[in-house]
1. Condition first: modelled with pLDDT under 70, surrounded by 13 or more Cβ atoms within 10 Å (Cβ to Cβ) and in a loop (DSSP other than H, G, I, E, B). Now tell me which residues in segment 153-169 satisfy that.
2. Could you list, in sequence order, all residues of segment 247-278 that are surrounded by 14 or more Cβ atoms within 10 Å (Cβ to Cβ) and either part of a helix (DSSP H, G or I) or not assigned by TED's automatic domain parsing to the domain that holds Glu234 (or both)?
3. May I ask you to list pairs of residues, at least six apart or on different chains, whose Cβ atoms are under 8 Å apart, with the first in segment 178-191 being under 20 Å from Phe139 (Cβ atoms) and outside the structural domain of Ile241 (by TED's automatic domain parsing) and the second being assigned to a helix (DSSP H, G or I) and modelled with pLDDT of 80 or more?
4. I need a count of the residues in segment 432-467 that are in a helix (DSSP H, G or I) and either under 25 Å from the mean Cα position of the chain (by Cα) or of a type in the set (Phe, Trp, Tyr) (or both).
5. Just give me the residues in segment 468-484 being among the polar types (S, T, N, Q) and either part of a helix (DSSP H, G or I) or touching a residue at least 60 places away in the same chain (Cβ under 8 Å) (or both), in sequence order.
6. Is it the case that segment 587-596 has a residue that's touching a helix residue (DSSP H, G or I) at 6+ places or on another chain (Cβ under 9 Å), hydrophobic (A, V, I, L, M, F, W, C), free of Cβ contacts under 8 Å to residues at least 40 places away in the same chain and assigned by TED's automatic domain parsing to the domain that holds Ala680?
Amino acid sequence: MKSSDKIKGIKKFLEWIGVHLHFHPKFYKVLAITGGGVLALFIYLLFYTTSPSFCLSCHIMKPYYEAWNTSKHNMVSCVECHYPPQPREMLWAKFQAINSVVAFVTRKYSSKPYAQIEDTSCLRSNCHSTNFLAKKMTFKKGIRFDHKFHLGDLRRGKQLRCTSCHSQIVVGTHVEVTESTCYLCHFKHSEEQRGVLPLGNCTSCHEYPKKDIQFRGFTFNHQDFVGTRHVSCEKCHRDVIQGEGHAPRERCYDCHNQPALLAKYEDITFMHDNHVAKRKVDCTRCHEEIKHGLKISKVRFMEYNCEVCHSAIHSGPREMFMGEGGRGAPPTPSHMLTARLDCLACHIQPKGADLEGGRDGRTFVASEKACMACHGDQYQGMLKDWKDTFDVMIRDIKPKLDSARRVLEKAGTAKGKWKEAKKLFEDAKYNVDFVRIGKGVHNPFYAAELIQVADRHIDRLFRLVGQSAPALPAQSPIRGGYCAQLCHTKAGVKLPWETSLQGVPLPHFRHAFDFGLGCTSCHSAEKHKEIRISNKDCTACHHSPENTRCTNCHRKQSALYTAQDLPLEVKEAKPSFKAGKVECVGCHDLSKKQTFENISSACTQCHDKAYVDLLRGWKEETLEAQKKTNEILEKTSKKLIDALKAKRSVGQAAGLLERGKKAYEFVSSAKSAHNPELAAAILEEAQRDAQKAERLLASPGEGGK
């Protein structure tokens, strides 16, 4: 085609569209339509690119979109938050967004997009105004919160922003409160700080319960502790925090590789100013997470222990507190441990910079102020009493240990049971040393039980070598009753003289002091007041082959047998001809049931078989005498009742009848076979008393003389 033809073609085209030396009206129409279409497209794209659906067009945004769509902000467009309200910053944010689109199209994007939300976006007038945030609010049930102190003041010297707490580091949430951030700030401690006290104390966020609470057999109310005595929550709730919140240096390399920036690691102020105040960097990007809650627990309680500061020198007190490590006694954790308390609950008094290697150069000793803070003024002096009690226990058992050592040295290895005796001595000495080194006050009942076990081991050692063990001092707490001595006396608890077990009367006071039993022999050491012993356990203790102190319980039988300490006057009371020669276990095999056949079989070990018939005759004669006495007593009792109905005076007759009944009941309980002659004499005296009373009642006016 010639050039002239091309020019003609262009001219025709221009003429067709109205381009002449002057613009044709058709040109304006085309231009207007085209311009309008471009403008409409621009407006559409402008609105579309600011809508959440446009954000969803990138597949990497799907989880964030879904989280937004189910959040409280699902009626607010993405750009309302992600674009700041100031025009200049908004244009810059839009430019960054276009760059993100280009990066997505060119496939140079990250699967974890990073976005910042300025405080001004949240605090604009039609959203969360500062006036609204000035009000106190309830974050969750029982948890208070105030924005004023978090946004208006420096927290730990750091300026926070809205997204410091409201972020999206948890998948499935969108601009929600990230509780791990709260825990990190409130529970993060410096290296030299002692304990786990939260920033601002617990009650600045939590309201303590107002109702009574049941815990391990106790009923208590927080008002008595937190409200009245101002006991800090962390005294009891220690095992509710997990993690230290450290910021390892290696995490810096995830974002930075410039030596100049990495050198700023130690500059805490610079790090937080640039990462928290100026940029929205999630705390857990740098810090390890701290967990908090009532159900948070460590692998094992007391994982937080004094060995953090004191190397391993506190292993003895630690084991004592946990109720482990002793010999011959079941594991019994301290009551303080079962209440979830640890060392720092009692060790509150600084002693001074006297321990090498301590983090803060100080040792914290136990103080009775901690006891009184929780339990009240009646606990004043109790800690000293505990220390004194264990000093006395160790002092009282030391002579027995020394005597046992000398006996073993003299006996030598030639003795048949020397190895068993040596093991008993080693276990006894170990328990005493354990209580001394572990400090018995860390677990009073367990420590007292260990010393009692040591005392029983020494007694058994002496029996093995055929000797009598040295006696403990009369008032030694090792004999029993240490619960009263350690706690009850100060707390104002009176020890009952007598109680009952499953309906059977029980001399409570005598078990504690006369029999030398520890309280935990019958009561649970874990649950206060709970009785753990059964009738079978009682029998196992009372009728064990090693228990030869039958008279402690069977006093009536002993009184009849020996004719001593009789509960009534008897002329010329004579003991059994076997008294002083044959002990109880000589006739009563405690490993068998106490039937006539089993008891009489013991007779044949010393006498011929005819002695069994003699014993049977004693039994039948006394039973017949008891029957006759009972009949006379019942007959006289009926006449006494008739006299009372007739309103006659019966004073003297009633006294005689009461004495007769007392004599009859004594013989019936004491088992007359223990001393047939004395039993017969007592029953005869009871019959005479009953008959005399009957004669008095039969004579008018004589019964009351």
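The values are calculated or read from the model by the stated rules, or taken from the named source; none is laboratory data. What you see is a predicted model; the values in this text were computed from it and never measured. With ideal geometry, Cβ positions are generated from the backbone for all residues, glycine too; neighbour counts draw on all protein chains shown.
1. Gln168, Ile169
2. If the condition is that a residue be surrounded by 14 or more Cβ atoms within 10 Å (Cβ to Cβ) and either part of a helix (DSSP H, G or I) or not assigned by TED's automatic domain parsing to the domain that holds Glu234 (or both), then Arg251, Cys252, Leu261, Ile268, Met271, His272, Asp273, Asn274, His275, Val276, Ala277 are the ones that fit.
3. Close Cβ pairs (under 8 Å, with a partner that is assigned to a helix (DSSP H, G or I) and modelled with pLDDT of 80 or more) do not exist here.
4. Going through segment 432-467 one residue at a time, the tally reaches 17.
5. Once the filter is applied, which keeps residues that are among the polar types (S, T, N, Q) and either part of a helix (DSSP H, G or I) or touching a residue at least 60 places away in the same chain (Cβ under 8 Å) (or both), segment 468-484 yields only Ser476.
6. yes
Every residue, every condition in (1) modelled with pLDDT of 70 or more; (2) over 30 Å from Glu665 (Cβ atoms); (3) surrounded by fewer than 17 Cβ atoms within 10 Å (Cβ to Cβ); (4) not assigned by TED's automatic domain parsing to the domain that holds Lys387, yes or no:
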{"position": "Leu461", "(1), (2), (3), (4)": "yes, yes, no, no"}
{"position": "Leu486", "(1), (2), (3), (4)": "no, yes, no, no"}
{"position": "Cys519", "(1), (2), (3), (4)": "yes, yes, no, no"}
{"position": "Ala540", "(1), (2), (3), (4)": "yes, no, yes, yes"}
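This table checks each residue for (1) among the hydrophobic types (A, V, I, L, M, F, W, C); (2) at pLDDT 85 or above; (3) out of contact with any Phe, Trp or Tyr (no Cβ under 9 Å at 6 or more places or on another chain); (4) surrounded by fewer than 16 Cβ atoms within 10 Å (Cβ to Cβ).
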{"position": "Lys280", "(1), (2), (3), (4)": "no, no, no, no"}
{"position": "Ser297", "(1), (2), (3), (4)": "no, no, yes, yes"}
{"position": "Phe301", "(1), (2), (3), (4)": "yes, no, yes, no"}
{"position": "Glu307", "(1), (2), (3), (4)": "no, no, yes, yes"}
